[in-house]
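Questions regarding the structure given below will be posed in turn.
The values are calculated or read from the model by the stated rules, or taken from the named source; none is laboratory data. Keep in mind it's a predicted model, so treat the numbers as computed, not measured. Here the Cβ is made from the backbone with ideal geometry for all residues, glycine too, and neighbour counts use every protein chain on show.
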């Protein structure tokens, strides 16, 4: 939901959004790139990961890479540079990790993007009863495309939080990683405090993580959380997608507005995958 709502707002500032839509955008609309209700690379990769977990029953890294690579080579409308470099020649998980490490080196160590965080939520659903498996698989999936361990740490802490929400347990209160500490601190931040990072540190994993925790755990409802995250602009689709995962786990499927469900692309596929993952124990 967050991905599809935020797609029309990608790379804009809050001022540009207000000028274009007369205020915050609260409904799914078409843009120059995306159709109404169409989601981006965030959901495409999420579905590839989730369907592998549902069909294989466990973490199968070569199967996941194969699904990622098929999508990456299908000519998607949008694909991040970090992800593209890791997958364009990868036929196995080993080759994907090697390509990800190569990109990390070529980019001067700048591979802590949000491209693994945006897809990671199925791991929390599938392994919700095992914190050990959540941490292991979250980092294993992240490093397929993002060599910097900061990205993997962000995925792991995020999924631990998601699993706690799904199971109705207490949220993590302590963190041993930088990503975890940033996430915990963001729970006390207002979205307004994060605007500078959203516009200046676009695509950075900790930016998306902070927005998700500030909005997904700080707002009073699912719609408010997703709308707030998306209308901050910047990498709006990813920030809103990650926020939507937290808010969805927090408030439940019944909180999703019907007017968003109606135009959502492949709604049955998305909902069916969630059900299949929940049935896996």
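In this structure, is residue 102 in contact with a helix residue (DSSP H, G or I) (Cβ under 8 Å, 6 or more places away or on another chain) and surrounded by fewer than 17 Cβ atoms within 10 Å (Cβ to Cβ)?
yes
Tell me, yes or no, whether region 252-266 has at least one residue that is within 16 Å of the chain's Cα centre (by Cα) and touching a residue at least 60 places away in the same chain (Cβ under 8 Å). Full working, then the answer.
Taking region 252-266 and keeping what is within 16 Å of the chain's Cα centre (by Cα), we get none.
Checking region 252-266: not a single residue is within 16 Å of the chain's Cα centre (by Cα) and touching a residue at least 60 places away in the same chain (Cβ under 8 Å).
Tell me, which residue of region 192-213 that is surrounded by fewer than 21 Cβ atoms within 10 Å (Cβ to Cβ), assigned to a helix (DSSP H, G or I) and without any contact (Cβ under 8 Å) to a residue 60 or more places away in the chain is nearest to the chain's Cα centre (by Cα)?
Looking at residues that are surrounded by fewer than 21 Cβ atoms within 10 Å (Cβ to Cβ), assigned to a helix (DSSP H, G or I) and without any contact (Cβ under 8 Å) to a residue 60 or more places away in the chain, I get 197.
Okay, moving on. List the helices (runs of 4 or more DSSP H) that sit entirely inside region 6-87 and contain at least 3 residues that are more than 23 Å from residue 98 (Cα to Cα) and touching a residue at least 24 places away in the same chain (Cβ under 8 Å).
14-21, 41-56
Further question on the same structure: Against the definition (farther than 30 Å from residue 95 by Cβ and buried (at least 16 other Cβ atoms within 10 Å of the Cβ)), how does residue 53 come out, yes or no?
Working: farther than 30 Å from residue 95 by Cβ: no; buried (at least 16 other Cβ atoms within 10 Å of the Cβ): yes.
Here the answer is no, as residue 53 does not meet what is asked.
Also, I was wondering about something else. For a quick check of your reading: which helices (runs of 4 or more DSSP H) sit entirely within region 122-188 and have at least 3 residues that are without any contact (Cβ under 8 Å) to a residue 60 or more places away in the chain and farther than 22 Å from residue 203 by Cα?
Working: elements: 131-142, 149-167, 178-186.
Counting at least 3 such residues, we get 131-142, 149-167.
Of the residues 265, 259, which is at pLDDT 95 or above and part of a helix (DSSP H, G or I)?
From the options 265, 259, the qualifying one is 259.
If you go through region 165-172 one residue at a time, do you hit one that is on the phi > 0 side of the Ramachandran plot, surrounded by fewer than 17 Cβ atoms within 10 Å (Cβ to Cβ) and out of contact with any helix residue (DSSP H, G or I) (no Cβ under 9 Å at 6 or more places or on another chain)?
Our first condition is that a residue be on the phi > 0 side of the Ramachandran plot; within region 165-172, this holds for 168.
Keeping just the survivors that are surrounded by fewer than 17 Cβ atoms within 10 Å (Cβ to Cβ) gives 168.
If we keep only those that are out of contact with any helix residue (DSSP H, G or I) (no Cβ under 9 Å at 6 or more places or on another chain) as well, we get 168.
Yes: region 165-172 contains one or more residues that are on the phi > 0 side of the Ramachandran plot, surrounded by fewer than 17 Cβ atoms within 10 Å (Cβ to Cβ) and out of contact with any helix residue (DSSP H, G or I) (no Cβ under 9 Å at 6 or more places or on another chain).
Take the residues of region 88-112 that are assigned to a loop (DSSP other than H, G, I, E, B) and closer than 17 Å to residue 203 by Cβ: which is farthest from the chain's Cα centre (by Cα)?
So the residue we want is 108.
List the number of the failed condition for residue 121; all other conditions in (1) surrounded by 15 or more Cβ atoms within 10 Å (Cβ to Cβ); (2) more than 25 Å from residue 240 (Cα to Cα) hold.
(2)
Please tell me if residue 63 is within 16 Å of the chain's Cα centre (by Cα) and surrounded by fewer than 20 Cβ atoms within 10 Å (Cβ to Cβ).
For residue 63, the condition - within 16 Å of the chain's Cα centre (by Cα) and surrounded by fewer than 20 Cβ atoms within 10 Å (Cβ to Cβ) - is not met.
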